[in-house]
């Protein structure tokens, strides 16, 4: 039986002078609420509430933490608080604005601008379902990620990393601004220090070094995720996760299918960003920006007849394996 998630704060709860309206979303590390300040302005409030470490019953305010989990809970709490303090110093249209952060109810709350719109993930799913050859136009991809990279460069200049970049954490506002949300510093600290049974990352977007406790992370770690996000905008689906790629890397084969649809340059950018070796990736956002701005040098290499035949054969083999797996699962049930 799975552990019950801690209950969100009830509507009309007042915390730090803000009144909670409703829960917007919840994840493994926190809950986000829509709230209003004393002037009636809408804000989003993120509460540090790691579900693996806390229990909270309906109607309660203070999370309960078992004594053996208290030191880890406090470590994540400190990281979450420091993340809020660092983000509050950054003012950029592509980085979520932190207006306030405070301690209450034995946890920490981060107050942010309330954004209206949808995530990039929502747009990808909608576009994918149209079943067109291109999920997004190349000009759209380049423009979107130029905007995101401008913000990410500022984040890195402040000695911060995002550590959870994925389409679900890129928000497209109603006035067409791309904003990075839901930074993952507390998540990363808890994962490295805790004895969790599985890494707490989004498959496909986490760089290989995030799965190793002794590895060094840096701008190249976020850059891997940027490559995976661009890949998703091209294919409509995330790439295979890093552990799978370390066993058998099919990234180049997947990108080959995009030849003639997207430029050679954009395909090469994705391969560069998603190199399994951190030292083989762009080492800074600036280096990636320079390459992504080479829009005028686009060339499109179409597949040869032989390559098309090999791809069709590969697709048949992949589909056969999937069907066999489904049949095996059905036979076991």
Would you say residue 246 is assigned to a helix (DSSP H, G or I), over 15 Å from residue 282 (Cβ atoms), in the same structural domain as residue 185 (by TED's automatic domain parsing) and touching a residue at least 24 places away in the same chain (Cβ under 8 Å)? yes
Within segment 259-272, the residues that are surrounded by fewer than 20 Cβ atoms within 10 Å (Cβ to Cβ) and within 24 Å of residue 287 (Cα to Cα) are 259, 264, 265, 268, 271, 272
So residue 186, is it crowded, with 16+ Cβ neighbours inside 10 Å, modelled with pLDDT under 90, outside the structural domain of residue 93 (by TED's automatic domain parsing) and touching a strand residue (DSSP E or B) at 6+ places or on another chain (Cβ under 7 Å): yes
Expected single match for modelled with pLDDT of 95 or more, in the same structural domain as residue 224 (by TED's automatic domain parsing) and in a helix (DSSP H, G or I) among 311, 276, 288, 255 is 288
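Could you identify the single residue in 138, 116 that is touching a strand residue (DSSP E or B) at 6+ places or on another chain (Cβ under 6 Å) and more than 26 Å from residue 6 (Cα to Cα)?
Being touching a strand residue (DSSP E or B) at 6+ places or on another chain (Cβ under 6 Å) and more than 26 Å from residue 6 (Cα to Cα) holds for just one of 138, 116, which is 138.
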Filtering strands (runs of 3 or more DSSP E) wholly in segment 67-161 for at least 3 residues that are touching a helix residue (DSSP H, G or I) at 6+ places or on another chain (Cβ under 9 Å) gives 98-104, 107-113
If you go through 168, 225, the only one that is modelled with pLDDT of 90 or more, assigned to a helix (DSSP H, G or I) and in contact with a strand residue (DSSP E or B) (Cβ under 7 Å, 6 or more places away or on another chain) is 168
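The values are calculated or read from the model by the stated rules, or taken from the named source; none is laboratory data. Since we're looking at a predicted model, the values are computed, not measured. A quick note on method: Cβ atoms are made from the backbone with ideal geometry, for glycine too, and the neighbour counts reach across all protein chains shown.
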